[in-house]
Amino acid sequence: MKTLYRNLLGGREGAVGLAVLAVLIFAVFPLALDVFRLNLIGKYLTYAFVAIGLVLCWGYGGILSLGQGVFFGLGGYCMAMFLKLEASTPEATAIQSTPGIPDFMDWNQLTALPWFWEPFHSFSFTLLAVPLVPCLLAFVIGVAMFRRRVGDVYFAIVTQAIALILSVFIIGQQGMTGGVNGITDLKTLLGWDIRSDSARLVLYFVNGALLFACILTGRFLLSSKLGKLLVAMRDKEERVRFSGYDVAGFKIFIFCVAAVFSAVGGAMFTLQVGFMSPSFVGIVPSIEMVIYAAVGGRLSLLGAVYGTLLVNFGKSYFSESFPELWLFLMGGLFIAVVMAFPNGLAGLYARHVRPRLSRRAPAARVAAPAGPAPGAASPAIPAHAKPTEAA
Amino acid sequence: MTPPLMNQTVQTAQAFALYVEGLTVAFNGFTAVDNLNLYVDRGELRVVIGPNGAGKTTLLDLICGRTRATSGSIRFKDIELTRMSEHEIVRAGVGRKFQTPSIYETLSVRENLEVSFPRGRSVFGAMAFRRTPDVVERVERTAEDIFLADMLDQSAELLSHGQKQWLEIGMLLMQEPELMMLDEPVAGMSVSEREKTVELLNRIASDRSMIVIEHDMEFVKHIADKVTVLHQGKVLAEGSMEAVQSDPRVVEVYLGH
């Protein structure tokens, strides 16, 4: 019980951090906002899944992926294919020349459902495909790259190329994928109208619960020896190898975990927003997702959630007020964060807020000595300070 | 290749822990290790000396799998190491310390040692790894051995250079290697640290084979069972410290007149 408290909740400070976020997501937002705004927050939070995955694989594992949109998109597309098939009953599509297939296929003169669409008639298959298809792709990329010891910048470039390839492929294969418009006009999930206010509210809470499941999974991984090894690999990969560990195996694993988190976010995006398109797959969204993690603090799971929310609030505010300037502001923000606050919001918290809190409550300091950051993993040994992560 | 070396090989062939035979590695035409033969006994502490560029570090790199041999064979406990990956070689019982101390600066001394404990080396094993009493005991005993018992909870980056060297030796000890290879373990150490290291190496060498690269002749005298002199990727001389020191070829290329 005590171990569980320490590992999952991160001791007292970690538990408080989780509780604050839980109150914000499950109480403050739903009470303060109307369903339209809440749905918007829900959309932002789906990006937070990607940011949490990036904290694990980039912040701790040192693997910078600039192609997380690929996994977000694949998860989202898997869900969208199921919803689209449900919306494309022969009755609903009776006016098409081939009834019973998605409308965009009919427009592109397809007369039969492509083979890879067939299994998405099944909801249970879809639920498995959402995490497994992206995980499989991440595994293949991971094996190809990490077994050959491709790392750092080269890996980032390769992931970016994959993001580009996938988005070009989706746009090019209009008849099978919906092209640049994506898969739209999604109506029901097993007969349940996902566009209704009540459905949006339910989906928002499901999304929040899944987000917490991912945060807790991340905490568990980081508090285990695996977390230590990720940090060790980031610092001295060679040494880890010569301590008898298969470094590539660990990298592949954490990259797959990040991919699965992203895919869950993607599927929840499709459900809450009602469509999925290649504009969430390519290079730009993938880099934006890295910015969320960087702004929040790449060593903090909770920070990644706040970073995602902050950047997206900023995005909707500035893109409404200064649409031309937004991209420059975003780029500037990224540069400023990397240069001035390399550990993002969580780093600011650790430097400025925590010392004040602990001065006010010395007991809290004893309970959680110099934990890395509000959301970062608790050190498995709580009895000593771990200055580097927060520094 | 010198005839006396060959005779020796025949005499004690059964007892060797490590066989290096015909080992050659060439980088873009430069032959760093050239048809090298080396045999290390069980429980032996072998020191490898030689001028810069003689191939000493490359030899260790080849044994531990960091560099791939162009040709030749490395056998350890009858396992052929030349085609195995680094972590497999470690798991077979070969430990390697690098020239500059290679430790995890962001982790504490305790965590450094704990990560080196040979359990939970797979991804899922690492997730399930728990700090059981035997792990704690091993960590504390090893810390005692390497003179860092009262620094267990200190961050490793705060250690002095010599202490980092010890910590890396301790990390190897945690792995319980049957063959331990140390690349310049006393580089950058103070006189008193050197003396302690002599004591440490003599203590830990009793139940394993060791290969140590070192330049400090005084230090070598205190630890070596046998010395191998490398020159231009080949064995120039081999034998006891006294024999090697009085060998005119060794004096010529390495020790100086």
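FYI, it's all coordinate maths here, none of it is from the lab. Small disclaimer: the values here were computed from a predicted structure and weren't measured. Every residue, glycine among them, receives a Cβ derived from its backbone with ideal geometry; neighbour counts consider all protein chains shown.
Results, tabulated for the structure shown:
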quantity	calculated
Cα-based convex hull volume of segment B:79-224 per residue, rounded to whole Å³	121 Å³
Relative pair counts by distance (%), Cα atoms of chain A, 20 Å bins	28, 56, 16, 1
Global geometry of segment B:172-226, whether rounded, prolate or oblate, following the gyration tensor of its Cα atoms and the 1.5 cut on a/c	prolate
Top of A:R354, A:R241, A:R147 by mean-square fluctuation, Gaussian network on chain A, Cα under 10 Å	A:R241
Most mobile of B:L173, B:L45, B:L152 in a GNM of chain B (Cα contacts under 10 Å)	B:L152
Neighbour-count order for B:F76, B:F30, fewest beta carbons within 10 angstrom listed first	B:F30, B:F76
Where only alpha carbons of segment B:23-79 are counted, the Rg and the Dmax (Å)	11.7, 37
CD proxy at 222 nm, helix term only [per DSSP H run n ≥ 4: -39500 (n - 2.57); per residue of chain A; nearest 500]	-20500 deg cm²/dmol
Calculated SAXS-style log₁₀ I(q)/I(0) at q = 0.07, 0.13, 0.15, 0.16 Å⁻¹ - chain B, Debye, Cα scatterers	-0.24, -0.84, -1.10, -1.23
Ordering of B:208-220, A:50-62 by packing [mean C-beta count within 10 Å, highest first]	A:50-62, B:208-220
31 Å Cα-Cα threshold exceeded, pairs from A:K228/B:K226; B:K97/B:K226; A:K225/B:K97	A:K228/B:K226
Convex hull volume per residue for segment B:100-161, taking Cα atoms only, in Å³	96 Å³
Residue order, fewest to most beta carbons within 10 Å, for B:V135, A:V264	B:V135, A:V264
Fluctuation leader among B:T106, B:T57, B:T82 - chain B, Gaussian network, Cα springs under 10 angstrom	B:T106
Only Lys, Arg (+1) and Asp, Glu (-1) charged, at Cβ; segment A:1-142 dipole about Cα centre in debye	760 debye
Residue-averaged beta-carbon neighbours from other chains (10 angstrom radius) around B:148-157	2
Cα centroid separation, segment A:126-195 to segment A:28-42 (Å)	29 Å
Degrees between helix A:247-273 axis and first principal axis of chain A (Cα, 0 to 90, nearest 10)	50 degrees
